[in-house]
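Participant: Below you will find the structure I want to go over with you.
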Amino acid sequence: MATKLVTVFGATGAQGGSVVQALLRDKSGTFKVRGITRNPTSEAAKALSASGVEVVKADGLNKGELVSAFKGSWAVFANVNSDDPCINQKDGPSETDMGKIIIDAAVEAEVRHFVFSGMASASETTKGAVPNRAFDEKHAIGQYGRSKPFASFVDASPGWYMETFLWRDLAPIFGGWPFNPDEEGHMTFTCPRWGGPNDEVPFTAIAADYGDIVHGILLAPEKYNGRLIQSISQSRSLESVIPDYQTATGKQARFRFMKTWEELETYGVTGLITVQRMFGFCQHSGGLYYGVPNDTAPAAELKAAAAAAQGKTGDDAKLMTLERFFKQHLA
Ligand SMILES: NC(=O)c1ccc[n+]([C@@H]2O[C@H](COP(=O)([O-])OP(=O)(O)OC[C@H]3O[C@@H](n4cnc5c(N)ncnc54)[C@H](OP(=O)(O)O)[C@@H]3O)[C@@H](O)[C@H]2O)c1
């Protein structure tokens, strides 16, 4: 079987890194992996080289560099980081500008298949009531990609990263949980409502599942052409995060809903404004993060395909659950 070169834009990051690792685990020898970074001497880039990835230097705002980096690629995976300071500054290029440059470069380099970390549009979901810049721009980039002559273009859309529960810097906006007790001495996960009948959130374990889901798409890209794949590990109500945590860790904790989504602190930080407005548009739409109800079936199908190609068995071959995630990381 001919080797297929997959080039990953964002290879040193959380999502791209997960895609790289999944493709490296494929036992068939079908895939070769190239990773793009602005800084090949960073620790993350050196680790990629050491694991057998061809690391190339290119900037997402430089089309010429990207065309060279994509040359010879059968497929590209790209994730644009909305919060990188190279975009979304006053009078500078937007996330959409960068996404279009990446897609145009892939077209020029004659890439056949494109998987993008896209989103449903918050503006469309809420009929303009609660826009969300990162979601709306990722949606616009995805629509742009679909208009191009790729053999397939697929959005692999991550939900709320389970990994955010391990980020100590984020704990204060959620009442300190799971690291710091509240003023009454309790561990209290404090969060705005998600919306919908059960406040059911699409959670994604990025390291464990996201790359596998993209790997699954790349095993049969035409089958998923044009779709937005809800890349969900587990669809779970917000309140059930606490019993899952208690079962996994044996530690006590409690849950409290904030009165409004605006109560979530942002400190004026762009990434946190995205999170705050995510609660806003999800509440407004009845919990429709993806513009439609959560559906874990496509992710389960893709995980199974990738797990088979990687020789994974047991729990490793299944989508992550919050309980298992907490057991692995916080017990
Ligand atoms: N947190 C959540 O729950 C959540 C959920 C859904 C979606 N998201 C979205 O996920 C995105 C962040 O993804 P991530 O977590 O994978 O980020 P990350 O870990 O910070 O990685 C960002 C990657 O983008 C690359 N990059 C950034 N600007 C570049 C440029 N100009 N040229 C080339 N490469 C560039 C970086 O490469 P180098 O630095 O090596 O060049 C790095 O590999 C955000 O847009 C966020 O909104 C987050």
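Participant: Quote the FRET efficiency, to the nearest 0.05, computed for Ser147 versus Ser49 with a Förster distance R0 of 25 Å and r equal to the Cβ-Cβ distance.
Facilitator: Details: r = 35 Å, r/R0 = 1.41.
According to the calculation, E is roughly 0.10.
Participant: Over its Cα atoms, what ratio of radius of gyration to 2.2 N^0.38 Å does the stretch 51-121 give?
Facilitator: Values: Rg = 12.6 Å, N = 71, 2.2 N^0.38 = 11.1 Å.
Ratio of Rg to 2.2 N^0.38 Å for the stretch 51-121: 1.13.
Participant: Say each of Leu170 and Leu272 gets a label point 7 Å from the Cα, pointing the same way as Cα to Cβ; how far apart are those two points in nm?
Facilitator: Here the answer is 1.3 nm between the modelled labels.
Participant: Could you grab the relative contact order for the chain? Cα pairs under 8 Å, six or more apart, rounded to a whole percent.
Facilitator: Numbers: 687 pairs, mean separation 59.1, N = 331.
Contact order relative to length: 18 percent.
Participant: Give me the log10 of I(q) over I(0) for the stretch 1-106 at q = 0.10 Å⁻¹, as the Debye formula computes it from C-alpha points; what are the numbers?
Facilitator: Evaluating at q = 0.10 Å⁻¹ gives log10 I(q)/I(0) of -0.27.
Participant: Could you order peptides 75-83, 168-176, 320-328, 205-213 by the average number of other Cβ atoms within 10 Å of their residues, highest first? Could the numbers behind the result be given before it?
Facilitator: Working: 75-83: 23.6, 168-176: 15.9, 320-328: 19.7, 205-213: 26.2.
With the highest mean Cβ count within 10 Å placed first, the list reads 205-213, 75-83, 320-328, 168-176.
Participant: Go through Lys46/Lys100; Lys223/Lys303; Lys303/Lys327; Lys27/Lys303; Lys32/Lys71; Lys4/Lys71 and tell me which ones have a Cα-Cα distance over 18 Å in this structure.
Facilitator: Going by Cα-Cα distance, Lys46/Lys100; Lys303/Lys327 fall outside the 18 Å limit.
Participant: While we're looking at this one, here's another question. Along Cα→Cβ, 7 Å out, is where each label goes; now give me the distance between the ones at Asp83 and His186 in nm to one decimal.
Facilitator: 2.8 nm
Participant: Among the aspartates and glutamates, select those whose C-alpha is under 20 Å from the C-alpha of Lys63, and discard any that sit fewer than 8 residues away in the same chain.
Facilitator: Here the aspartates and glutamates satisfying the reach criterion relative to Lys63 are Glu54, Asp84, Asp91, Glu95, Asp97, Asp104, Glu108, Glu110, Glu137.
Participant: Could you order the peptides 101-108, 39-46 from most to least packed, using the average number of other C-beta atoms within 10 Å per residue? Let's see the in-between values first.
Facilitator: Details: 101-108: 20.9, 39-46: 13.8.
Result, highest mean Cβ count within 10 Å first: 101-108, 39-46.
Participant: For the pair Glu239/Gln252, report the inter-label distance in nm, with labels modelled 7 Å from Cα in the Cβ direction.
Facilitator: So the label points at Glu239 and Gln252 sit 2.0 nm apart.
Participant: Can you give the angle from 0 to 90° between the axis of helix 133-146 and the longest principal axis of the chain, with both taken from C-alpha atoms, to the nearest 10?
Facilitator: 30 degrees
Participant: What Kirkwood hydrodynamic radius do you get for the chain when you take the inverse of the mean 1/r over all pairs of distinct Cα atoms, in Å?
Facilitator: 20.3 Å
Every number here is computed from the coordinates shown, using simple stated rules; none is lab data. It should be emphasised that the depicted structure is a prediction, and the values quoted were computed from it without experimental measurement. Cβ coordinates were reconstructed from backbone atoms using ideal geometry, including for glycine residues, and neighbour counts include every protein chain displayed.
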